[in-house]
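Q: Handing you a structure now.
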Amino acid sequence: MSQTLLAPKVKVNQKWQLWINGKFEDGASERTLFSPATGKELCKVSEASREQVEKAIKAARKAFDEGPWPKLTAAERAQFLFKLADKIDEKASELAELETINGGKPLRESQYDIADSANCFRYYAGLITKPSGQAVNVPAPSFSTVVREPIGVCGQIVPWNYPLLMAAWKLAPALAAGNTCVLKPSEYTPLTAVYLAKILEELELPQGVVNIVLGDGPTAGQPIAHSNLVDKVAFTGSVKTGKAVAQAALGNLKKVTLELGGKSPMVVFSDFDVDTAVDYALFAIFCNAGQVCSAGSRFIVEESIYDTFVSKFVARAKKIRVGPGLDSETEMGPLVSETQMKRVLEYIQIGQKEGAKLELGGEQLKGGKYGEGYFVNPTIFSNVKPNMRIVQEEIFGPVAVVQKFKGESEAIKLANDTPYGLAGAVFTSDVTRAYNVIKAIKAGITWINGYHNTYVECPWGGYKQSGWGRELGTFGLDAYTEIKQINLNLDPQPIGWFE
Ligand code: TXE
């Protein structure tokens, strides 16, 4: 064990229950969570039966149809969300510790996530009180207005890579707009969601406005996607599960937004400083151990600097300090679960069998400070071909592939050559080229000479199989509203259509 390991203040050994209709309750079963940093048992959490999920949905339905929340003024809802954001800030150190203990990421990353979560609530609290809708000049004697209204009950299914932040991205716009929610965190990382429920209880959120059900996909997620009492489902996760969620949502044609994965390209031209490009490349793929939907996982590098880029990338990646998230020295933590670690190691084997050159890493780190934790060291493949599985499929781990291009059009072709379209970046000193390449990349989130900056003010989501719709920004609020036109007849005389 490292000597700099922090002693967490937060208590993990406590009851982790469901929160339904404003009350904590035990689930029908129990799950044991394991520490990603040690592989040892962490704690037990209660999980919901299908009936308890139905109960949560009914509570949200009642809160929407009969409760005060949707009828509050925007300013009143905003006031609540501002208080919530302040409370998250006040509890930031405990929340960050929990996120690290549960999901494995380095504490400095968790601290960012918690601050971003608070800011997300703040942003939507501000946005909801701003002017919206339209006044339309239609032919007299009508006067038409277009207003936005809450959709109703929103089912929200979130993944394990940014547990509290993904919950915030979904809850904040939904609540600001006046919806009620059933949130299902990932079965791997439910702890900060339960902590959030405690904060919501303390702030006296009206009963049933937010319900938090713990459990796995088939038992707790699928009934939410399927229910006729749910008006919208918002999902972040894999393409496969996203498609299942969309299918289940067809029953009542509920509104669906999907934020799925990616295999995002970072294109590097030879006119850009190679050391700076490598610095961004490290951040693009090894931040959160590559478990980021927008991770830059394909580096498409101009032929003339390819070898230099690869050798500098390998040299820098070798120095990344891998270790437990609570160790203040750690720069990259373990993967979230044994399942995810095995999945990543399997992809590394596939890459080797496919004939790619393993330049660095590719192993589980064990023993010493790694113990039985789920650590995989930074891994880099070169000499890859576009049709290899490690180039086409999302690995969701610290695994980079470096591709070679000659000329702008080949760079664009390679960049777009996967089923995904979440993010993408280009590095060049030529502003015209930068703009042309970025315009040609089919992705919803792009950067020129940068990577990973995420702004709550800007829309988040993907082209192609990276999803449906957008979160964040004004678009994220729109996605939690219905649009209604109201036509007011200013001169109600008989119409005389029929004699
Ligand atoms: O994802 P799932 P998993 C990708 C990434 C990763 C892979 C597998 O490539 O390696 O997915 O991860 C819930 N109905 N991403 O298996 O299954 C589940 O309980 C309703 C990308 O963990 O998509 C969890 O809450 N819900 C990604 C959530 O869906 C269901 C983030 C995500 O799990 C369900 C995570 C069902 N039938 C993984 N089955 C991103 N876009 O950031 C599962 N769930």
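The values are calculated or read from the model by the stated rules, or taken from the named source; none is laboratory data. From a predicted model like this one, the values you see are computed outputs, not experimental measurements. Cβ: placed from backbone, ideal geometry, glycine included. Neighbour counts: every protein chain shown. In case anyone asks, the SASA skips ligands and DNA or RNA and just uses the protein heavy atoms, side chains included. Shrake-Rupley method; radii C 1.70, N 1.55, O 1.52, S 1.80 Å.
Q: Of the accessible area of the range 143-256, with the probe set at 1.4 angstrom, what percent is carbon plus sulfur?
A: Here carbon and sulfur together make up 56 percent of the probe-accessible area.
Q: Among the trypsin sites (Lys or Arg not before Pro) in the range 26-125, which ones are in a DSSP loop with at most 12 other Cβ atoms within 10 Å of the Cβ? Mind listing them?
A: In loop regions of the range 26-125 (DSSP not H, G, I, E or B), the sparsely surrounded trypsin sites (Lys or Arg not before Pro) are LYS40.
Q: Which residues make up the longest stretch of the chain clear of chymotrypsin sites (Phe, Trp or Tyr not before Pro) that lie in a DSSP loop with no more than 16 other Cβ atoms within 10 Å, not counting the sites?
A: 1-454
Q: Using Cα pairs closer than 8 Å and at least 6 residues apart in sequence, work out the relative contact order for the chain, in percent.
A: Once normalised by length, the contact order is 18 percent.
Q: Sticking with this structure for a sec: Quick one: check the C-alpha center-to-center distance for the range 357-429 versus the range 150-169, whole angstrom.
A: 28 Å
Q: What is the helix-to-structure angle for 338-354, meaning the angle in degrees between its Cα long axis and the longest Cα principal axis of the chain, kept from 0 to 90 and rounded to the nearest 10?
A: 50 degrees
Q: Based solely on its DSSP helices, what 222 nm [θ] is calculated for the chain when runs of n ≥ 4 H residues each add -39,500 (n - 2.57) and the sum is averaged over all residues, nearest 500 deg cm²/dmol?
A: Counting only the DSSP helices, I get -11500 deg cm²/dmol.
Q: In addition: Just the accessible area per residue of the range 93-245, please: how many Å² with a 1.4 Å probe?
A: So the range 93-245 comes to 32 Å² accessible per residue, rounded to a whole number.
Q: So, one more: Cα-Cα pairs above 35 Å in the chain: how many percent?
A: Counting pairs separated by more than 35 Å, the tail of P(r) holds 36 percent.
Q: Counting only protein heavy atoms and using a 1.4 Å probe, what share of the accessible area of the range 366-419 belongs to carbon plus sulfur, as a whole percent?
A: 48 percent
Q: Once a ≥ b ≥ c are taken as the square roots of the eigenvalues of the Cα gyration tensor of the range 156-283, is the result rounded (a/c under 1.5), prolate (a/b larger than b/c) or oblate (a/b not larger than b/c)?
A: Because a/c hits 1.5 or more and a/b exceeds b/c, the range 156-283 counts as prolate.
Q: Please list the radius of gyration and Dmax for the range 116-220, considering alpha-carbon atoms only, with Å as the unit.
A: Values for the range 116-220 (Cα only, Rg and Dmax): 17.1, 59 Å.
Q: Which angle between 0 and 90 degrees, to the nearest 10, do you get for helix 163-177 versus the longest principal axis of the chain when only C-alpha atoms count?
A: Helix 163-177 sits roughly 20 degrees off the main axis of the chain.
Q: Is the shape of the range 184-226 best called rounded, prolate or oblate, per the rule: a/c under 1.5 gives rounded, else a/b larger than b/c gives prolate, else oblate, with a ≥ b ≥ c the square roots of the Cα gyration tensor eigenvalues?
A: oblate
Q: Toward the positive end of the charge dipole of the range 248-297, about the Cα centre and with charges on Cβ (Lys, Arg +1; Asp, Glu -1), which of ALA295, ALA281, ASN252 goes farthest?
A: It is ASN252.
Q: Amide H neighbours of GLY296 under 5 Å, counting only residues 5+ apart in sequence or on other chains, H built in-plane at 1.01 Å?
A: Those qualifying (amide H under 5 Å, at least 5 residues apart or on another chain) are ILE285.
Q: Apply the a/c threshold of 1.5 to the C-alpha gyration tensor of the range 14-123 and tell me whether it is rounded, prolate or oblate.
A: Oblate is the answer for the range 14-123, as a/c is 1.5 or above yet b/c matches or exceeds a/b.
Q: Scan the range 312-414 for trypsin sites (Lys or Arg not before Pro) in coil per DSSP, keeping those whose Cβ has at most 14 other Cβ atoms within 10 Å, and list them by number.
A: Filter output for the range 312-414: LYS319, ARG321, LYS366, LYS406.
Q: Would you work out what percent of the accessible area of the range 68-120, with all protein chains in place, is carbon or sulfur (probe 1.4 Å)?
A: Using a 1.4 Å probe with all protein chains present, the range 68-120 comes out at 52 percent carbon and sulfur.
Q: A follow-up question, please. Please list the non-local residues whose amide H lies under 5 Å from the amide H of VAL267, H modeled 1.01 Å from N, same-chain partners needing a gap of 5 or more.
A: Those qualifying (amide H under 5 Å, at least 5 residues apart or on another chain) are ILE300, ALA425, VAL426, PHE427.
Q: Output the antiparallel fraction of DSSP beta bridges having both residues in the chain, as a percent to the nearest 5.
A: 45 percent
Q: Could you please state, rounded to a whole Å, how far the C-alpha centre of the range 19-85 is from the C-alpha centre of the range 475-499?
A: 36 Å
Q: Compute the accessible area per residue over the range 265-312, keeping the other protein chains in place, probe 1.4 Å, unit Å².
A: Counting only protein heavy atoms, the per-residue value for the range 265-312 is 28 Å².
Q: Accessible area per residue, 1.4 Å probe, Å², for the range 369-464: what's the number?
A: Each residue of the range 369-464 exposes 41 Å² on average to a 1.4 Å probe.
Q: Determine the distance separating the Cα centre of the range 213-247 from the Cα centre of the range 434-461; give it in Å without decimals.
A: Each part's Cα centre sits 28 Å from the other's.
Q: Taking only Cα atoms, what is the 0 to 90° angle, nearest 10, from helix 239-249's long axis to the longest principal axis of the chain?
A: With rounding to tens, the tilt is 10 degrees.
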